[in-house]
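Written below as structure tokens is the structure these notes are about.
The values are calculated or read from the model by the stated rules, or taken from the named source; none is laboratory data. No experiment lies behind these values; they were computed from the predicted model shown. Cβ coordinates were reconstructed from backbone atoms using ideal geometry, including for glycine residues, and neighbour counts include every protein chain displayed. Note: areas computed on protein heavy atoms with side chains; ligands, DNA, RNA excluded. Shrake-Rupley method; radii C 1.70, N 1.55, O 1.52, S 1.80 Å.
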Amino acid sequence: MKKIYLLEDAIFSPLGFSTEENLAAIKNGSSGLRFHKNNRFPTGGFFAGIIENELLNETFLKIGKPEKFTKLEQMMLLAVSRVLEKNPDLNLSKTALIISTTKGNVDLLTKSPFPKNRVYVSELGNVIKDFFGFQLEPIVISNACISGGLALAVAKRFIAAGKFDQAIVVGGDLVSEFVLSGFHSFQAISPEPCRPFSKNRKGISLGEAAAAVLLSSKKPIAPNVISIIGEASVNDANHISGPSRTGEGLYKSIQNALGEAQVSAKEIDYLSAHGTATAFNDEMEAVAFNRSGLENVPMNSFKGYYGHTLGASALLESILTKHSLLNNELYASLNFDEIGVSKPLNVIEDFEEKELQFAVKTASGFGGCNLALVFKKD
Amino acid sequence: MSDLRTELKQNIIEQLNLEELEVADIDNDVPLFGDGLGLDSIDVLELIVMLEKDYGIKLTDPDQGKEIFASIEKMAEYIEANRTK
Amino acid sequence: MSNGNYKITDYVHIKDHRIFHGKDQVFKTEKSLGLDQFLKASYKKLEIAYPKFHKMDGLCKLGIIASEVLFKEHFISPDTALVFSNSASSLETDKKHQQAMGGMVSPSVFVYTLPNIVLGEISIKHKLQSENVFFIENQFNAELLKEYAEVLLEAKKTSAVVCGWIDLKNAKYDVFLCLISKEGEIPLSKENLKKLYIFENE
């Protein structure tokens with residue numbers, strides 16, 4: 001069985017325009033969530049992690065003309081370009097491009113200077129492909145909030161089967177009025193920065209980010225390497241917006257992923273949860289984690305730092321999981337107050353250094369989808 | 001007074017896409033959730049939107065929904081007591 | 001890539017207000033009917049008897065109708081993977097949500113502003129707890145579907161796959177779904193998938 005390695009990565013978020021900056025901010029306990037005025041909300045606004053447009057445009061100037069690309073495109077192009085900078089010899093005619101987004105350039109549905117067809121997610125794929133000159137047709141995945149992790153799984157599956165030897169996986173989504181209004185109608189937006197797994201959690205905070213990582217079947221030359229050794233995605237078949245009360249799909253995803261990895265729950269050193277901070281998601285995850293025997297594994301959600309970055313989230317958080325393992329560091333689950341789910345969990349409350357080898361990353365989304373990834377450090 | 005109940009039934013059928021039902025099929029006291037009409041969590045959210053849009057009532061605690069939307073009769077009573085439109 | 005002896009066990013087409021099960025036309029209406037009326041008529045004709053249908057958006061209704069036809073004569077194992085694709089994502093419903101954004105939006109419209117919801121609806125109705133993925137492509141990509149279906153089957157992540165194309169753009173739709181398994185006559189190949197897709201699209 002081919003091993004699939006995670007090589008260089010890049011993160012563009014309100015916490016910084018590099019993975020290093022993001023990790024430093026997380027270690028510092030800094031959050032990217034800020035209050036933004038909006039009349040739709042009784043409190044006068046909402047909390048979200050939003051990238052400053054001017055800063056983004058300035059940064060983008062180094063690789064292209066900001067006026068020719070949408071905000072999301074700039075974010076995703078920068079993420080890919082950063083990974084390519086670190087791999088100048090990468091053969092783009094043999095490197096797959098796998099893209100994850102839930103809504104793409106959905107903000108273009110309002111008045112925009114861009115041509116109408118730019119709103120198509122397939123067009124986003126073309127823009128990224130053409131900017132860098134990738135030769136293979138991009139594979140674009142739009143599968144709700146598991147998209148970023150599912151893109152990693154799809155890359156791994158194709159590389160293991162020999163369809164290509166390496167792939168750049170990039171994910172991104174915006175905080176848009178489109179999504180904000182929708183989650184507001186679901187009564188899902190927290191009036192304060194989100195508190196995953198907490199007693200006082202009141203819903204999600206949205207966020208925007210772009211992240212990219214290079215996957216390869218070739219083992220990198222480094223003292224430690226991270227590989228994906230197991231992955232699975234199982235649908236709940238319960239409800240299109242409410243997660244299964246028994247965590248059916250997530251539980252099965254975890255079981256299948258651990259089975260493929262040939263690793264037991266006892267061997268897992270760290271669990272990076274989805275933890276959106278809605279009443280139902282966090283409860284469902286707690287149930288699934290307990291059913292899987294993961295209740296004692298140190299775990300966190302990154303949503304307190306970033307908000308929910310939708311199509312970027314599972315990818316961004318997998319990259320953070322990778323660095324957790326490499327650095328032997330457990331990052332605090334920001335904004336946690338006290339346990340607010342019906343099953344026990346080992347929430348990381350303070351930054352800690354610890355020997356880590358195996359990690360599980362989970363994600364769930366609208367449509368009843370779930371995902372589990374198992375990472376190993378060698 | 002009974003006009004409100006009929007109006008509610010018509011609105012619910014339309015808003016919640018209950019295509020196979022007619023006003024006459026819905027009893028004032030039949031439970032809207034569970035074994036009655038079988039409405040679900042998204043339907044509750046739609047009813048909350050309807051409450052605000054059509055009757056000017058802002059529900060600040062969605063958990064109240066279970067009681068208020070228990071039946072057409074309960075809904076009508078709540079609306080009569082709280083409507084601003 | 002391996003050739004694991006998989007077959008295109010069955011397939012369904014929905015286009016121009018006609019539903020084909022394999023090569024046989026099972027239903028059609030006047031082309032002048034609006035999309036909603038066609039969907040309702042198909043629902044009735046196929047005796048789907050599933051009231052939740054009426055809450056769904058166009059894309060999901062198309063998916064439910066197509067899978068109803070496709071699954072009719074087969075035992076569909078709960079681990080049957082769903083590998084769907086299109087070019088417009090959920091744009092039709094996105095526009096509906098967008099239009100409401102000036103005032104109060106509808107949660108039951110918003111929930112359908114993701115293309116993978118159709119996978120969820122089919123999974124719920126047919127009790128499938130399986131691998132799902134929704135790909136966005138410029139046009140029908142036989143190679144991607146064939147190779148991904150094979151990858152899932154070879155890795156034993158599933159025993160059967162429903163793959164295909166389900167697109168809805170400006171009330172125009174194009175649906176082509178295949179059941180892939182070890183049974184049947186037509187070998188699974190990029191060429192065969194393309195041939196079957198084009199067949200009724202001429």
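Just give me the residues in region A:67-93 being part of a helix (DSSP H, G or I) and more than 25 Å from the chain's Cα centre (by Cα), in sequence order.
A:Glu67, A:Lys68
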*Scan region C:174-199 for residues that are among the aliphatic types (A, V, I, L, M), under 17 Å from the mean Cα position of the chain (by Cα) and part of a strand (DSSP E or B) and report the count.*
4
*asked:* Checking the condition facing chain A (nearest Cβ under 10 Å), in a helix (DSSP H, G or I) and of a type in the set (Lys, Arg), which residue from C:Lys96, C:Lys52, C:Lys40, C:Lys44 passes?
replied: C:Lys52
*open to solvent by less than 90 Å² (accessible area, probe 1.4 Å), closer than 28 Å to C:Ala41 by Cα and at pLDDT 90 or above: does that describe B:Ile57?*
no
_Could you tell me how many of the residues in region A:154-170 are under 20 Å from C:Glu143 (Cβ atoms), buried (at least 22 other Cβ atoms within 10 Å of the Cβ) and more than 9 Å from chain C (Cβ to nearest Cβ)?_
6
*In region B:40-72, residue farthest from the chain's Cα centre (by Cα) [restricted to those that are part of a helix (DSSP H, G or I) and of a type in the set (D, E, K, R)]*: B:Asp63
*Assuming A:Phe375 fulfils every condition listed in (1) open to solvent by 10 Å² or more (accessible area, probe 1.4 Å); (2) closer than 16 Å to A:Glu231 by Cα apart from one, which condition is it?*
(1)
*Go through region A:123-137 and give me each residue that's open to solvent by 10 Å² or more (accessible area, probe 1.4 Å), more than 10 Å from chain C (Cβ to nearest Cβ) and not in a loop (DSSP other than H, G, I, E, B).*
A:Val127, A:Lys129, A:Asp130, A:Phe131, A:Phe132
*asked:* Can you pull out every residue in region A:221-235 that is open to solvent by less than 10 Å² (accessible area, probe 1.4 Å), small (Gly, Ala, Ser) and more than 13 Å from chain C (Cβ to nearest Cβ)?
replied: A:Ser227
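Restricting attention to region A:99-122, which residues are within 17 Å of C:Asn116 (Cα to Cα) and either aromatic (Phe, Trp, Tyr) or assigned to a strand (DSSP E or B) (or both)?
A:Ile99, A:Ser100, A:Tyr120
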_Search result, residues across region C:98-108 that are open to solvent by less than 30 Å² (accessible area, probe 1.4 Å) and of a type in the set (A, V, I, L, M, F, W, C)_ = C:Met101, C:Val105
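Return yes or no: is A:Lys111 open to solvent by 30 Å² or more (accessible area, probe 1.4 Å) and either aliphatic (A, V, I, L, M) or over 30 Å from A:Val234 (Cα atoms) (or both)?
yes
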*Yes or no: A:Ser333 over 16 Å from the mean Cα position of the chain (by Cα), at pLDDT 95 or above and open to solvent by less than 40 Å² (accessible area, probe 1.4 Å)?*
no
*of a type in the set (Gly, Ala, Ser) and without any contact (Cβ under 8 Å) to a residue 60 or more places away in the chain - does that describe any residue in region A:311-334?*
yes
*modelled with pLDDT of 95 or more, within 24 Å of C:Glu73 (Cβ to Cβ), assigned to a loop (DSSP other than H, G, I, E, B) and among the polar types (S, T, N, Q): does that describe C:Thr158?*
yes
*Got a number for residues in region B:24-47 being open to solvent by 50 Å² or more (accessible area, probe 1.4 Å) and more than 23 Å from A:Gly242 (Cβ to Cβ)?*
4
